[in-house]
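I have placed the structure first, in the form of structure tokens, so that the comments after it can refer back to it.
The values are calculated or read from the model by the stated rules, or taken from the named source; none is laboratory data. This one's a predicted model, so the numbers in the text were calculated from it and none came from an experiment.
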Amino acid sequence: MILMLPQGDIESYAAMSPKDLTDRFEHISGSETYRKQYHELEQQKLKAEEQTSFLFSKRKGVSQEKKQKKEQKEEAEKHVKMQQELVSLLGTATLHLSCFCIPSLCLAQLACMHCM
């Protein structure tokens, strides 16, 4: 398709601002009828991107919190196990020391019946 333009039209196009040129091309191509729909879809896209970013940040925070809670649980379980071992060791030490208990020198004062 050949398009014939008078010399004055070419000069007027050359003098147009970029926005005016865009408006002119949108009018000629017929795409101006989709401008409103394009802007609405662009706004929807921006909102979806914001929501995605928010949800990703929230998920990251929850994941970090879950990791922290898991570490705390493991630490608490380790502490309970160590307490149980201590009670067991003190009980054994009490049995061994009960015959030799001198209250002022007792190493197992917490579990020793003689020192209480």
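Miscellaneous remarks
- Subset of segment 14-28 [in a helix (DSSP H, G or I) and not β-branched (Val, Ile, Thr)]: 14, 15, 18, 19, 20, 21, 23, 24, 25, 26, 27
Here's the yes/no breakdown for (1) modelled with pLDDT under 90; (2) acidic (Asp, Glu); (3) within 42 Å of the chain's Cα centre (by Cα):
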| site | (1), (2), (3) |
| --- | --- |
| 6 | yes, no, no |
| 21 | yes, no, no |
| 26 | yes, yes, no |
| 52 | no, no, yes |
| 59 | no, no, yes |
| 62 | no, no, yes |
| 104 | yes, no, no |
| 112 | yes, no, no |
